Amino acid sequence: MAEIRVRIDEIDQTLIELWQERAALSREVGATRMASGGTRLVLSREQEILERFRVALGADGTQLALLLLRAGRGPL
Ligand SMILES: O=C(O)C(=O)C[C@]1(C(=O)O)C=C[C@@H](O)C=C1
């Protein structure tokens, strides 16, 4: 049981780091696009991402993807 908890904690730490990395990359892409006159959001891309998470994880995947997208773009 202790061993399993060690692995769970490792996974959680990786998830936290990936979350932070994704949010930073998302902000970078958004800033680059806006600097060249583009839009802040790309809804077709967001749909693709939502669909990928939904197919892989079901309804929870959709909720997770919504949170990921929100973390990258900040408040609307
Ligand atoms: O892929 C992009 O073009 C992004 O800007 C990244 C991202 C994302 O976080 O996945 C963020 C905002 C856009 O609306 C779509 C996707």
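The values are calculated or read from the model by the stated rules, or taken from the named source; none is laboratory data. Small disclaimer: the values here were computed from a predicted structure and weren't measured. Using ideal geometry, Cβ is built from the backbone for each residue, glycine included, and neighbour counts are taken over all protein chains shown. Note: areas computed on protein heavy atoms with side chains; ligands, DNA, RNA excluded. Shrake-Rupley method; radii C 1.70, N 1.55, O 1.52, S 1.80 Å.
Before moving on, here are some points about what is shown:
- Residue in segment 40-58 that is within 8 Å of the ligand (Cβ to nearest atom) and β-branched (Val, Ile, Thr) present: yes
- Within segment 3-26, residues that are touching a residue at least 12 places away in the same chain (Cβ under 8 Å) have Cβ atoms under 6 Å from residues that are within 16 Å of the ligand (Cβ to nearest atom) in these pairs: Ala23/Ala71; Ala23/Gly72; Ser26/Gly72, counting only partners at least 6 apart in sequence or on another chain.
- Residue match in segment 41-60 (condition: at pLDDT below 95 and of a type outside the set (Lys, Arg)): yes
- Residues located in segment 6-39, provided they are more than 7 Å from the ligand (Cβ to nearest atom), assigned to a helix (DSSP H, G or I) and more than 14 Å from the chain's Cα centre (by Cα): Val6, Arg7, Ile8, Asp9, Glu10, Ile11, Asp12, Gln13, Ala31, Thr32, Met34, Ala35
- Residue check, Leu64 outside any loop (DSSP other than H, G, I, E, B), more than 11 Å from the ligand (Cβ to nearest atom) and of a type in the set (A, V, I, L, M): yes
- For segment 30-42, a residue qualifies if it is surrounded by 10 or more Cβ atoms within 10 Å (Cβ to Cβ) and without any contact (Cβ under 8 Å) to a residue 12 or more places away in the chain, and the qualifying residues are Ala31, Thr32, Arg33, Met34, Gly38, Val42.
- Residue identified as touching a Ser or Thr at 6+ places or on another chain (Cβ under 7 Å) and open to solvent by 80 Å² or more (accessible area, probe 1.4 Å) among Arg27, Arg54, Arg73, Arg45: Arg54
- Residue list for segment 13-24, restricted to those being loosely packed, with under 11 Cβ neighbours inside 10 Å and either touching a strand residue (DSSP E or B) at 6+ places or on another chain (Cβ under 7 Å) or closer than 11 Å to Gly72 by Cβ (or both): Glu21
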